[in-house]
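Novice: Quick one: the structure is below, and I'll ask about it shortly.
The values are calculated or read from the model by the stated rules, or taken from the named source; none is laboratory data. All values derive from a computational prediction rather than experimental measurement. Every residue, glycine among them, receives a Cβ derived from its backbone with ideal geometry; neighbour counts consider all protein chains shown.
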Amino acid sequence: MTGVSVRRSAIRFRRAAGALVLLLSIGCIAASAAEEPPPLAPSLAEMVPVLRPATENAAAQPVSFGMPLLSFWQAESAFQAGQAAEALSRFLDLAYGAPDDERKGFVWMRVGDLLLSRREYQQALEAADKAVSLSRGRFLVLSSMELKFRIYRALRRMPEARQVAASLLAQHYVLAEPVELLAVMARADASGGNLPRGLDEFRRAIAAARSPEEAADLRKEREALIDALASIPALREAAEEEEEAEVKGHLYLVLGRHAARMGYPGMGAFALGQAARAGGERGEEAARQLYRLEQIIASRPKIVGILPLSGKHADIGFAILTGAEVALRRAQGETSDLFFPVMRWRDSAARPEEARREYEAAARDGTVVGILGPLTGEEGYSVSMIFGPVSPPVLYLGQKAIPEKPFLFRFGLTPIQEARAVLEHFSRQGAKELLLFHPTNGYGEGFADAVRTAAKEQGIVLSKTVSYDPDTNDFTEAIRKAVGSRAFSEHSGTKEKGKAMQLSVQGIVIADRWDKLFLLASQLRYYNVYLPMAGFSGGISDELIRRGGEAVNGAVFSLDYADALPGPQGDRFRKNFREGMGYAPSRFEAVGYDGATLLSEAYRLESWKEESRPAGVAVREWLPTMKTFRGVTGLFRFGPSGEMYRDLSLMRVESRRLVPVAE
């Protein structure tokens, strides 16, 4: 805080304190009178002393009607005159010697303020706590909290200062300085990892600034904060959520510069392009940097990522392409080839027509090695309609079925692959009858169809298939329908802990996302349904493992990637990713890592690099000879006619962690 704002705050506080002392003095006189005065105003009525509960020998003691007025006035006069030592001594005498009443809150607030000026912060904080607890009037309580805010700020305890500042703003404290409080909240949130909220608070502080100079100072502080950022995830998240175009462009500019320096040119070019479109002075700077970067990478072979980078699937698209960038950076470090492939990021916005347009442009480029994406079934179908015999290979990542064509690979897991793996597991365990739960949406219906097909292949009977609304949180009726009304009624009346409901089925399959799976599994256990459980890759998450406890312990899931999967590829991937990005990767980063690694391996063939034919055509010819590719998401096998097969893993939840299923 600047010296001007400190002086302004002190003057404002002293003026308010003078008025408050006058009111408190009136309360003291009223308290010493023989009869109770009528309240002058609601706030003054709050200041009438309340006698404390009587002790055993209260009858033998004189009744006290509050602290002495003269001593109180002398202490406050010394405070107003700037005689800090004398004021502190007198207020301490009142704090420890005068009888308790609501004025004690004000006395302790003065003690805390004086100790703060002496930089005795811990003692000041204790005094402020006493002021809050002893104050009865709302204004006194908030004034004491404002003192705590100043102490926390002096101690640089920013989380606590932020909490008190937010409370003062929410309570509409009349002496609050919104700019000062919002600025502290912004600094605390930005340094604490919540950059989007911090930037929002900076924007509110600038809007509330009392002068153009103060607003300019806050803008400079915000700009310095953004310029100092070096976290790719934080920059990207903040840029996505930022509403102000100028700030959004600044965030993307810093992200683009940082990504290019780190060796992620595709990410850098995408971010600089976003910054250039934001306009303004920084937009012009971003355009110049983008031009220089494009000159460097224009002639290099390319892997084009056509994925949603805006809208509801943007997080998935960004994660996949981030994994791809890490893969290419690692691979280039192992070769001296100056013309190693680079990533190009293209935003499909999850729109089929946009995915098709980006694919057409990529397919015309002879330097394109292959396509990573698209993501959704609608996008995949749109691309498949124009996929031809000389098109670059496409690694389609969606789960929905699309027309099958050579070298149009279904790179992600499909519902039928996952269902077969899960049902084969149940079959090996001797299960003959299963229950199936699924929501009535595209995800649930797709997996339900796959489970029915896989069950027929394994000779397993689905005794009940129970569907429910995707927004369901109470699964009582779904469970009743699954187990039968009679069995449900017999057990729901007692719900004796640990007494399992007797059913003819040997297992449960839940085809839903992790949050609904968690609720359903917990409620099944509540109704004493203890059966082996299984789900799919969309239903497993770190949050489910952490929160699920006994409800999901022993549950089996099909998936393509998990930290617990053994193997040197996974260990190397996690090491490379943490070194590059600073956080642990998910299955989406793993998919991007494998896709980019596979396509870049194709480029390493020296036999066709100097030929004039398009790179994508050469890769199509080479991939069948590759036969197998082992990545961090599994083993991929290639057939002679452009087909691809892949395996997956089964993992079991045991004691809040995932372990491989031993078959």
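Novice: Mind telling me which of the residues Ala154, Ala124 ends up being small (Gly, Ala, Ser), surrounded by fewer than 18 Cβ atoms within 10 Å (Cβ to Cβ) and under 25 Å from Gly105 (Cα atoms)?
Specialist: Ala154
Novice: Return the total of residues in the stretch 248-275 being surrounded by 24 or more Cβ atoms within 10 Å (Cβ to Cβ) and out of contact with any helix residue (DSSP H, G or I) (no Cβ under 7 Å at 6 or more places or on another chain).
Specialist: 1
Novice: While we're on this one: Can you spot a residue in the stretch 498-508 that is surrounded by fewer than 17 Cβ atoms within 10 Å (Cβ to Cβ), under 16 Å from Tyr530 (Cα atoms) and modelled with pLDDT of 95 or more?
Specialist: No, there is no match, as no residue in the stretch 498-508 is surrounded by fewer than 17 Cβ atoms within 10 Å (Cβ to Cβ), under 16 Å from Tyr530 (Cα atoms) and modelled with pLDDT of 95 or more.
Novice: Would the stretch 370-388 turn up any residue that is in contact with a Leu (Cβ under 7 Å, 6 or more places away or on another chain) and free of Cβ contacts under 8 Å to residues at least 40 places away in the same chain?
Specialist: Scanning the stretch 370-388, I find at least one residue that is in contact with a Leu (Cβ under 7 Å, 6 or more places away or on another chain) and free of Cβ contacts under 8 Å to residues at least 40 places away in the same chain, so the answer is yes.
Novice: Residues that are in a loop (DSSP other than H, G, I, E, B), farther than 23 Å from Tyr121 by Cβ and in contact (Cβ under 8 Å) with a residue 60 or more places away in the chain: does the stretch 183-198 have at least one?
Specialist: Within the stretch 183-198 (the criterion being in a loop (DSSP other than H, G, I, E, B), farther than 23 Å from Tyr121 by Cβ and in contact (Cβ under 8 Å) with a residue 60 or more places away in the chain), the answer is no, since none of the residues qualifies.
Novice: Restricting to strands (runs of 3 or more DSSP E) lying wholly in the stretch 607-663: which have 3 or more residues that are crowded, with 17+ Cβ neighbours inside 10 Å and modelled with pLDDT of 90 or more?
Specialist: The strands (runs of 3 or more DSSP E) meeting that bar are 634-638, 649-653.
Novice: Just to be sure before I move on: is Lys432 touching a residue at least 24 places away in the same chain (Cβ under 8 Å) and either over 39 Å from the mean Cα position of the chain (by Cα) or outside the structural domain of Asp512 (by TED's automatic domain parsing) (or both) in the structure I sent?
Specialist: So Lys432 passes the test.
Novice: Evaluate the stretch 134-151: report whether one residue or more is at positive phi and either assigned to a helix (DSSP H, G or I) or among the small types (Gly, Ala, Ser) (or both).
Specialist: no
Novice: Still on this structure, I have one more. Do we have any residue at all in the stretch 469-485 that's among the charged types (D, E, K, R) and closer than 28 Å to Thr376 by Cβ?
Specialist: yes
Novice: Could you figure out which of (1) assigned to a helix (DSSP H, G or I); (2) over 28 Å from the mean Cα position of the chain (by Cα); (3) crowded, with 24+ Cβ neighbours inside 10 Å isn't true of Ala361?
Specialist: Of the numbered conditions (1) assigned to a helix (DSSP H, G or I); (2) over 28 Å from the mean Cα position of the chain (by Cα); (3) crowded, with 24+ Cβ neighbours inside 10 Å, the odd one out for Ala361 is (3).
Novice: Condition (residue is modelled with pLDDT of 90 or more, assigned to a helix (DSSP H, G or I) and under 42 Å from the mean Cα position of the chain (by Cα)) applied to the stretch 92-105: is it met by at least one residue?
Specialist: Yes, the conditions are met somewhere in the stretch 92-105.
Novice: So, one more: Of the residues Ala45, Ala124, only one is modelled with pLDDT of 95 or more and either of a type in the set (Gly, Ala, Ser) or out of contact with any helix residue (DSSP H, G or I) (no Cβ under 8 Å at 6 or more places or on another chain) (or both); which?
Specialist: Values: Ala45 fails: modelled with pLDDT of 95 or more.
Of the residues listed, the single one that is modelled with pLDDT of 95 or more and either of a type in the set (Gly, Ala, Ser) or out of contact with any helix residue (DSSP H, G or I) (no Cβ under 8 Å at 6 or more places or on another chain) (or both) is Ala124.
Novice: Hey, another quick one. Can you find, within the stretch 556-603, the residue that is nearest to Gly317 (Cα to Cα) among those that are assigned to a helix (DSSP H, G or I) and among the small types (Gly, Ala, Ser)? First the steps, then the outcome.
Specialist: The first filter runs over the stretch 556-603 and keeps only residues assigned to a helix (DSSP H, G or I), leaving 568-581, 587-603.
Retained after the next criterion (residues that are among the small types (Gly, Ala, Ser)): 570, 580, 590, 592, 595-596, 600, 602.
Values: Gly570: 21, Gly580: 18, Ala590: 12, Gly592: 9, Gly595: 13, Ala596: 14, Ser600: 19, Ala602: 23 Å.
My answer is Gly592.
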